[in-house]
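Following: one structure in C-alpha cells, then a few remarks.
The values are calculated or read from the model by the stated rules, or taken from the named source; none is laboratory data. Because the structure is predicted, anything quoted here is derived from the model rather than measured. Methodologically, a virtual Cβ is constructed for each residue, glycine included, from the backbone with ideal geometry; neighbour enumeration extends over all protein chains shown.
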Amino acid sequence: MSDLNKVKELRKATGAGFKDCNNAIKEAGGNLDKAIEILRVKGISKASKKMSRSANEGVIVFSENKKNFSLIEINCETDFVAKNDDFIKFAKELSDINATVESNLDKLKNQKMNNGLSVDENLVNLISKIGEKITIGRLKTISNENVKNFKYLHTVVKDNLAKLGVLLSIETKSDDSKIQEFGKQLCMHIAALNPLCLKEQDLDVNIINKEKELVDEELKNSGKPKDIVEKIAEGKIKKFKLDNSLLSQDWVLDPKKKVQDIINELNVDDFSIKSFYRVKIGE
C-alpha cells in the first residue's frame, strides 16, 4: 500500500487531518497500527490541554427506541462548532447510543461507535481535529413502559438537535386525543417556565435554604420591625415555592389558571405526571 493510501486509511480510521496523518505515517515508518497509536497519544495530549477552557455552547440531542426516550447534552466552546458537520454527526450517533445504555455515562464512554473506536476515543479525536474543548454534559433517559412520553425541542439546530430540550412522562390508560394535545402543551410550558419540581413539598431543601439566604440579605437593611421582616420573608419563600413547582405554576397558555386546574379540566381519573426533565445549553 502506498503512503498516500495509508494516509487515506488513517484518516478514515481516526478522523484526523491530512497533515497529522501524513506525519504519523512517516513517524511510524509506514505501520498503520503504530500510526493510529501515535495519533491517539497526540490527540489525548491536545485534548487534555483544552480541558481547562469553558464549554458553554453545544446541542441537546433527542433519540428514541422501542424502550426509551432520551436527551443528551454535548458541549463545545463556540456556536460555530455546534453547527460543524463532524460535531453534529458525533452528537447524533452518541445520542442513539445513549438511548440504548439508558444514560449510564461510564457505559456510554466505552461503547463502540460506527468506526470501531470507543466513544472516548472518538471524543479525543474530535477535540484534536476541531481544536475546541468538547464534553458530554447532562443526559437523561425515560422508559416507555406503561406511560405516555412526550418531548419538546426549542431553538432547533437540525432534526432532533436543539438548544433546549424537555422530556415528559405521563401515566394514564386514556387514549383520548386531549391527552396528546395537553402533553405537547405541557412540554412547552416546562420549557418556558422551568419548574424545579412537581409539587411544592418536593422542592429540594438546599434550594429553599439558598433562597432564604438571598431573601434575608435583601431584607436585613430594610429598617422594618423584626416581626414584619419575618412575615415578608415567609411570604417571599412561599411564593418562590409556588412559582417553581409545576402544578402550582400559572398555565402558560392561560395565566388565570394553574397547571393543576388544567389537569382537573381534562377529567381523566387515572392521570398523573410521572416525571419531567428540562435541559438548556448554557444554563
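Would you pick out the residues in segment 235-268 that are within 25 Å of the chain's Cα centre (by Cα) and farther than 14 Å from Glu200 by Cα?
If the condition is that a residue be within 25 Å of the chain's Cα centre (by Cα) and farther than 14 Å from Glu200 by Cα, then Trp251, Val252 are the ones that fit.
Pairs only if they're at least six apart or on different chains, beta carbon under 6 angstrom, first in segment 235-256 and without any contact (Cβ under 8 Å) to a residue 40 or more places away in the chain, second among the β-branched types (Val, Ile, Thr); list them, first residue then second.
Here the result reads Lys236/Val215, each pair linking segment 235-256 to a residue that is among the β-branched types (Val, Ile, Thr).
Could you please let me know if Glu73 is on the phi > 0 side of the Ramachandran plot, of a type in the set (Asp, Glu) and either out of contact with any helix residue (DSSP H, G or I) (no Cβ under 9 Å at 6 or more places or on another chain) or surrounded by fewer than 17 Cβ atoms within 10 Å (Cβ to Cβ) (or both)?
no
Go through segment 112-137 and give me each residue that's surrounded by fewer than 16 Cβ atoms within 10 Å (Cβ to Cβ) and in contact with a Ser or Thr (Cβ under 8 Å, 6 or more places away or on another chain).
Lys112
Please give the number of the condition Thr78 fails out of (1) farther than 14 Å from Gly282 by Cα; (2) surrounded by fewer than 17 Cβ atoms within 10 Å (Cβ to Cβ).
Only one criterion in (1) farther than 14 Å from Gly282 by Cα; (2) surrounded by fewer than 17 Cβ atoms within 10 Å (Cβ to Cβ) is unmet by Thr78, namely (1).
Starting from segment 105-127, take each residue that is closer than 11 Å to Phe90 by Cα and list its partners that are in a helix (DSSP H, G or I) and of a type in the set (Phe, Trp, Tyr), counting only C-beta distances under 6 angstrom and pairs at least six apart or across chains.
Leu126/Phe90
Return a yes/no flag: does segment 159-180 have any residue that is under 22 Å from Lys280 (Cα atoms), under 16 Å from the mean Cα position of the chain (by Cα) and among the β-branched types (Val, Ile, Thr).
Checked against the condition, which is being under 22 Å from Lys280 (Cα atoms), under 16 Å from the mean Cα position of the chain (by Cα) and among the β-branched types (Val, Ile, Thr), segment 159-180 yields at least one hit.
So in segment 8-50, with the set limited to residues that are crowded, with 17+ Cβ neighbours inside 10 Å and of a type in the set (Val, Ile, Thr), which one is modelled with the lowest pLDDT?
Once the filter is applied, the top-ranked residue is Thr14.
Output the residue which, of all residues in segment 118-142 that are of a type in the set (S, T, N, Q) and touching an Asp or Glu at 6+ places or on another chain (Cβ under 8 Å), is farthest from Glu102 (Cα to Cα).
Among residues in segment 118-142 that are of a type in the set (S, T, N, Q) and touching an Asp or Glu at 6+ places or on another chain (Cβ under 8 Å), the one farthest from Glu102 (Cα to Cα) is Ser128.
Please work out if Ile170 is of a type in the set (Val, Ile, Thr), loosely packed, with under 15 Cβ neighbours inside 10 Å and not assigned by TED's automatic domain parsing to the domain that holds Thr141.
No, not satisfied.
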